[in-house]
Structures are given as structure tokens and as C-alpha cells.
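Just so it is clear, none of the values below were taken in a lab; they were calculated from the coordinates. Quick caveat: nothing in here was measured; it's all calculated off a predicted structure. Neighbour counts run over all protein chains shown; Cβ positions are idealised from the backbone, glycine included.
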Amino acid sequence: QVQLLESGGGLTQPGGSLRLSCAASGSIFDIFAMGWYRQPPGQERELVAVILGNGNTNYGHSAKGRFTISRDSTKRTAYLDLNNLKPEDTAVYYCHAEIRPSWRENSRTFWGTGTQVTVSS
């Protein structure tokens, strides 16, 4: 079983910063991508950022210039640095990964349970 464990969410003021972490564990043969989606209250889930196995990154519109995704491959962990946060960044942030659990299997999509980020004065 593959598990994604998120941490680092919380409450911060506008202009503040947070770092989210997502650690993958369990039966893992290869990780093709790890990333973050978010779902603001009453809205659809949207892409924040993703980092591919080759290190390339892709950002959603709301993240460009303020958020940075990185990873530590040895720890199977992805990080999302959130800077200059705004009230509209308030959302549940979900870790997402494309993982091949074993050499016998194809890759599948896995999701974390989410971590709340609240930006408020």
C-alpha cells in the first residue's frame, strides 16, 4: 500500500509563508510525479504545482511567482513553499502522486487526505 502523508498546513496572516511537506511511503517501485492540488471552500479542486521524475516543474496560474515546489528523492518527499500568502489561498491542499507500486504493476494516482491552509488577519 502506498500512503501520502501531508504536513505543514495551518493559519497565517496575509503576506505570510508556510511550507507543506508530502512524504510517500509503502510499496514504491518508481515515482513519476508528485504535486499539490487545492480546493478552496465551495470551489473545484485545482492544480497548484507538480514536479516530475526528471525534475521539471509545472505550476497552476495562482501559484506562479509565489509558490515553489521541490523534492528530496532520497526521502520520497515533495515540498511546497507558499510565500506572500493571500486570503484567497485559503483551501485544503492535497498531495498527489503518480507512483508505480511494483515492477509488475502500472503506475497509479494516489492522494493524501489533505491539509488545511488558512490565510486570515
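Of the chymotrypsin sites (Phe, Trp or Tyr not before Pro) in the stretch 20-121, the ones in a loop by DSSP (not H, G, I, E or B) with at most 14 other beta carbons within 10 Å are F29, W103. State the Cα centre-to-centre distance between the stretch 50-68 and the stretch 78-95 in whole Å. The two parts, judged by their Cα centres, are 12 Å apart.
Peptides 12-18, 96-102 ranked from most to least packed by the mean count of surrounding Cβ atoms within 10 Å: 96-102, 12-18. Along the chain, the longest continuous region that contains none of the trypsin sites (Lys or Arg not before Pro) in a DSSP loop with at most 11 other C-beta atoms within 10 Å is 1-63. Among the GluC sites (Glu not before Pro) in the stretch 3-86, those placed in a DSSP loop whose Cβ has at most 16 other Cβ atoms within 10 Å are E44.
The share of C-alpha pairs in the chain whose separation exceeds 24 Å stands at 23 percent.
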